[in-house]
1. Is it fair to say TYR301 is assigned to a loop (DSSP other than H, G, I, E, B), aromatic (Phe, Trp, Tyr) and at pLDDT below 95?
2. Can you name the residue in the stretch 247-263 that is over 23 Å from LEU360 (Cβ atoms) and surrounded by fewer than 18 Cβ atoms within 10 Å (Cβ to Cβ) and, of all such residues, is modelled with the highest pLDDT?
3. Quick check on the stretch 278-286. Is at least one of its residues without any contact (Cβ under 8 Å) to a residue 60 or more places away in the chain, surrounded by fewer than 20 Cβ atoms within 10 Å (Cβ to Cβ) and farther than 20 Å from PRO320 by Cα?
4. Output the qualifying pairs, or none if there are none: Cβ atoms under 6 angstrom, residues six or more apart or on different chains, first residue in the stretch 49-71 and touching a residue at least 40 places away in the same chain (Cβ under 8 Å) and under 14 Å from LEU309 (Cα atoms), second residue of a type outside the set (Ser, Thr, Tyr) and assigned to a loop (DSSP other than H, G, I, E, B).
5. How about the stretch 118-152: which of its residues are without any contact (Cβ under 8 Å) to a residue 40 or more places away in the chain and part of a helix (DSSP H, G or I)?
6. In this structure, does LEU27 turn out to be modelled with pLDDT of 70 or more, more than 30 Å from LEU302 (Cβ to Cβ) and more than 34 Å from the chain's Cα centre (by Cα)?
7. Here is a list: PHE368, PHE316, PHE321. Which entry is farther than 30 Å from HIS281 by Cα, under 20 Å from the mean Cα position of the chain (by Cα) and touching a residue at least 40 places away in the same chain (Cβ under 8 Å)?
8. Which residue out of VAL44, VAL81 is open to solvent by less than 30 Å² (accessible area, probe 1.4 Å), more than 24 Å from HIS268 (Cα to Cα) and of a type outside the set (S, T, N, Q)?
Amino acid sequence: MTFRQVRFLVLVLLAAAVSLCFVVYYLYETHLHVDLVFYDRHWVATEIHPISPLSGCFNPDRVSPLYNVSDALYGKKQFEVQGGIPMRMGMDCYAFAGTVGFPETQESSSPPPYILPSQRAQFHTYWRIDLAPLSHRQEYMFKSFFATQDIHRSRLVLWSNGDLSQNTIVRKYARLFPDSFVLRIVDIPELARGTAMEHSERLNLHDDLAWVDGDLIRLLVLWNYGGMWIDMDTLLTRDLAPLLEHEFVTQWDCYSKIYQSFNGALMHFRQHSPYLCEAFHLMSISSPPRSPSTDWGAILYLRLWRRLLAESIPPFKIIPFCFSDPLSCRVDNSVPDPFTPDRADGRWVDGQGLEENGGLDQALKRIFGVHLHNRWDRLFPQDGWVDRLLLRRYDQRLRDKGAMKDEW
């Protein structure tokens, strides 16, 4: 075959391939998600696949009197929070969030009954003072909490690894919401007392492993006090009360990663929950976290979830990604990047707009928060969707609640 013939054949094949690509493009949707992760086969075979027995935390003689199994596991719930499928298509996840209704309120001219702070719904968050000062970027989370939650029925507990009582921002919120805001310093050995992690050497592991400041602290706090954990890098968008009837962790994203299905950035467990008791047991008997590792908690929750199924115990719920992490799905249904200016045409997806009461605004009103994945050094663009649809409204709602009008 001559060179001209070879060249002609190559051109014909190339033209055919291009034509085929055009045909496929017009006739079929093409979905490509590249997420290449390598897992050591020995690690998977020894740490993931085996299902060891639970430790008996759900046995009646071991369940704490503070935990009502009949209500927590089998009691009637008003709302369903678990979708059952990844809900990758269109606005499905946001529409499902809208089915988790708003708390019923009764109009009354009299002030709501006073509830002792310790008896209110407890919400917990955490800030490490040795990593960075608590500043105005972190204050956005406080604003979002007090603007969206019922301050007469809830309390935000700010945990830290040092004294934040003299911080100007913290002092402001302690003054404005004395019954709804409290500071606590983390004492890991004290929080671990009475759990399978008491006296464990792993309490002293630090933090390129995302162990101590990741899932260990949040689980110990929820074990001791019960309530909902909210990562500091979250902007809440509506009242979390409808979620409180369930114990849950969060779907990591919409892609169904086989070993990383769960996330603890937003989670809720009751005080002395047997789920947490079993989690501490797994921590104590498992191999140490891999280094470096950011997926340790996700793997812990997966291993616990499979063991609960194996012993026919109803597992904790898994709330869909968009409820608190709407950045973690496809380009055509994730909220826009919070740190990038809005598109010049004012559009979001499927022709929906970024304006007030537009498509994005309606989606934000259905879900419960936007997890920002740290990025503390980034600023929200002026007049961007975060500024217009969230931050300015927080200030207005705080003014409406009478929280010292000159503050905002």
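1. Numbers: assigned to a loop (DSSP other than H, G, I, E, B): no; aromatic (Phe, Trp, Tyr): yes; at pLDDT below 95: yes.
It is false that TYR301 is assigned to a loop (DSSP other than H, G, I, E, B), aromatic (Phe, Trp, Tyr) and at pLDDT below 95.
2. Of the stretch 247-263, the ones over 23 Å from LEU360 (Cβ atoms) are 247-249, 256-262.
Subset that is surrounded by fewer than 18 Cβ atoms within 10 Å (Cβ to Cβ): 256-259.
Working: SER256: 71, LYS257: 74, ILE258: 79, TYR259: 76.
Among residues in the stretch 247-263 that are over 23 Å from LEU360 (Cβ atoms) and surrounded by fewer than 18 Cβ atoms within 10 Å (Cβ to Cβ), the one modelled with the highest pLDDT is ILE258.
3. Narrowing the stretch 278-286 to residues without any contact (Cβ under 8 Å) to a residue 60 or more places away in the chain: 282.
Imposing the further condition that a residue be surrounded by fewer than 20 Cβ atoms within 10 Å (Cβ to Cβ) reduces the set to 282.
After this cut, where a residue has to be farther than 20 Å from PRO320 by Cα as well, the list is 282.
Yes, there is a match, as at least one residue in the stretch 278-286 is without any contact (Cβ under 8 Å) to a residue 60 or more places away in the chain, surrounded by fewer than 20 Cβ atoms within 10 Å (Cβ to Cβ) and farther than 20 Å from PRO320 by Cα.
4. The qualifying pairs are LEU54/GLU311; PHE58/ILE313.
5. At the first step, the residues of the stretch 118-152 found to be without any contact (Cβ under 8 Å) to a residue 40 or more places away in the chain are 118-119, 129-131, 133-136, 139, 142.
Selection gives SER118, GLN119, HIS136, GLU139, PHE142.
6. Numbers: modelled with pLDDT of 70 or more: no; more than 30 Å from LEU302 (Cβ to Cβ): yes; more than 34 Å from the chain's Cα centre (by Cα): yes.
No: the conditions fail for LEU27.
7. Details: PHE316 fails: farther than 30 Å from HIS281 by Cα; PHE321 fails: farther than 30 Å from HIS281 by Cα.
Going through PHE368, PHE316, PHE321 in turn, the sole match is PHE368.
8. Details: VAL81 fails: more than 24 Å from HIS268 (Cα to Cα).
Sole residue among the options that is open to solvent by less than 30 Å² (accessible area, probe 1.4 Å), more than 24 Å from HIS268 (Cα to Cα) and of a type outside the set (S, T, N, Q): VAL44.
The values are calculated or read from the model by the stated rules, or taken from the named source; none is laboratory data. Not measured: the values here are computed from a predicted model. Backbone-built Cβ (ideal geometry, glycine too); neighbour counts: all protein chains shown. What goes into the accessible areas is simple: the full protein's heavy atoms, side chains included, and nothing from ligands, DNA or RNA. Shrake-Rupley method; radii C 1.70, N 1.55, O 1.52, S 1.80 Å.
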